[in-house]
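Before any comments, here is the structure.
The values are calculated or read from the model by the stated rules, or taken from the named source; none is laboratory data. Since we're looking at a predicted model, the values are computed, not measured. All Cβ positions, glycine included, derive from the backbone under ideal geometry; neighbour counts span all protein chains shown.
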Amino acid sequence: MRLTQIYLLALIVILSACGKDSTDPPAPETMYFPSNTDTAWERKSMSSLGWNTGNVQALKDYLSQKHSKSFMILVNGRIVMEEYFNGHTVSDTWQWNSAGKTLVSTTTGIAQQEGLLNINTKASQYLGAGWTAAPLAKENLITVRHLLTMTSGLNDSNNLVIRPNLTYMADAGTRWSYHNVFQKLIDVVAATSGQTFDNYFNAKLKNKLGMDGFWNYGTIFTIYHSNTRSMARFGLMALNNGKWKEEQIINSSFLTEAVNTSQSINPSYGYLWWLNGKTGAMIPGGQTFYPGTLIPNAPADMYAAMGAEDQRIYVVPSKKMVIIRMGDASDPLNASFAVSGFDNELWGKLNTVIN
C-alpha cells in the first residue's frame with residue numbers, strides 16, 4: 001500500500017472517531033427490569049434527573065401525614081425514591097383493594113391470548129345460564145367485555161356478588177356502574193383454564209414478574225395483598241406495554257385497549273384501569289358525569305390502578321415513570337371509594353419535585 005493511502009486511511013479513522021459532536025444529547029437510557037430471584041434493584045438519583053431535591057422532604061412529610069405506609073417512584077425501571085412510613089418495611093405486605101382489579105383484567109387478557117376465551121363472547125357461555133337473577137334474554141346480553149368495563153347493567157345496590165343480588169337494571173352496555181360483579185371474571189378464567197384462578201394467575205403473571213403476594217377471598221371483596229415492590233413490578237410491566245424483560249406477558253394490543261376509553265359512557269375508564277386526561281369522568285357510588293380530567297395536576301397520559309384507602313399505581317408513559325402508594329386512607333372520612341381528592345393533592349406535591 002502506498003504511503004499516501006496509509007495517510008488517507010488514518011485520516012478517515014480519526015475523523016470517524018471525532019465525528020460525534022460533544023454537544024449531541026446523550027443516548028436515551030435503556031429500560032431496566034429487576035431480577036426475579038433476588039432483591040437487587042438499580043437506582044437513579046433525583047439530581048441526575050434534574051429534579052428539585054429541595055422539595056423532597058415536604059413530599060415525604062405530606063405522605064407520612066396522610067397515613068402512607070410506602071411510596072415508590074421508578075423512572076425507566078430504576079428506583080428514584082423508595083420510602084416506608086409508620087413501621088412498614090420493604091418486605092411487609094399490604095392490600096391493593098380495588099387496584100387489584102387490574103390484575104384480574106390482565107389475567108383475563110392472558111387467557112384470551114391463549115385462546116381460552118373471547119371477551120366479546122357472552123359471559124354465560126363460560127359461567128353457565130342463570131348466573132344472574134336477570135331475565136335470560138337480558139343475561140345473554142352481558143359479555144366478558146361488559147364485566148371488564150363495568151357496563152353489565154346489573155343492580156349495583158349490593159356489593160355481595162351472589163345470584164339473588166345480580167338483578168337486571170339496564171341492558172348491558174347502556175349503563176356504567178362501579179360494581180363488584182367484575183369478580184365473575186375470576187370464575188370465567190377458572191372455568192376456561194380448567195384450574196383455580198390462583199394457579200393460573202401465579203403461573204401466567206405473578207411468577208413471571210417475580211411478584212410476591214396472595215389473594216384473599218372475602219365474603220364481599222376479593223383483594224390482593226403484596227409488598228410494595230411487587231406492586232411496582234406490575235406497574236413496570238404495564239409501562240412496557242405488557243412486556244417483562246424479553247417476554248411479552250400480555251399482548252400489547254389488549255393492554256392498549258385496557259388503558260384507553262373502553263365505552264362511551266365513562267371516558268375515564270378502561271378495562272378496570274382509570275384514565276387521566278379525558279373529557280370527563282364518572283366515579284364510584286353514583287351516576288353523575290363530571291366534566292374535566294380525572295386528576296388535573298397529573299400528566300394527561302397517566303393511567304392508574306386505584307383502590308380504596310388510596311392504594312395507587314400511577315403509570316406515566318411520557319415520563320417513563322411508575323409511582324406506587326400504599327397505606328391507610330389519606331382521609332378516614334373518605335376511605336371507601338377508589339377515587340378521592342388525595343390524587344390531585346399528591347400530584348400537586350409531586351410536581352414541585354419532578355418538574
Residue that is surrounded by the fewest Cβ atoms within 10 Å (Cβ to Cβ), among those in region 295-335 that are without any contact (Cβ under 8 Å) to a residue 40 or more places away in the chain and polar (S, T, N, Q):
318
Would you be able to say whether some residue in region 283-305 is more than 16 Å from residue 105 (Cα to Cα), in contact with a Leu (Cβ under 7 Å, 6 or more places away or on another chain) and small (Gly, Ala, Ser)?
no
Residue under question is residue 91, and the condition is that it be at pLDDT 95 or above, closer than 30 Å to residue 340 by Cα and small (Gly, Ala, Ser); does it hold?
yes
Could you grab me the full set of residues in region 166-183 that are outside any loop (DSSP other than H, G, I, E, B) and under 22 Å from residue 268 (Cα atoms)?
180, 181, 182, 183
On the basis of being at pLDDT below 95 and either among the aliphatic types (A, V, I, L, M) or farther than 23 Å from residue 319 by Cα (or both), does residue 97 make the cut?
no
Which of the residues that make up region 303-342 are assigned to a helix (DSSP H, G or I) and either among the hydrophobic types (A, V, I, L, M, F, W, C) or modelled with pLDDT of 95 or more (or both)?
317, 318, 319, 333, 342
Filtering region 266-288 for residues that are without any contact (Cβ under 8 Å) to a residue 24 or more places away in the chain and either aromatic (Phe, Trp, Tyr) or touching a helix residue (DSSP H, G or I) at 6+ places or on another chain (Cβ under 7 Å) (or both) leaves a count of 0
For residue 201, indicate whether it is buried (at least 22 other Cβ atoms within 10 Å of the Cβ), touching a Lys or Arg at 6+ places or on another chain (Cβ under 7 Å) and either of a type in the set (Lys, Arg) or touching a residue at least 12 places away in the same chain (Cβ under 8 Å) (or both).
no
Matching residues, region 117-165, being in a helix (DSSP H, G or I), buried (at least 17 other Cβ atoms within 10 Å of the Cβ) and among the charged types (D, E, K, R):
138, 139, 145
Residue 38 in a loop (DSSP other than H, G, I, E, B), surrounded by fewer than 16 Cβ atoms within 10 Å (Cβ to Cβ) and at negative phi
yes
Residue pairs qualifying under the 6 Å Cβ cut-off, at least six apart or on distinct chains, with the first in region 77-91 being in a strand (DSSP E or B) and the second being among the hydroxyl-bearing types (Ser, Thr, Tyr) and modelled with pLDDT of 95 or more, are 78/32; 84/70
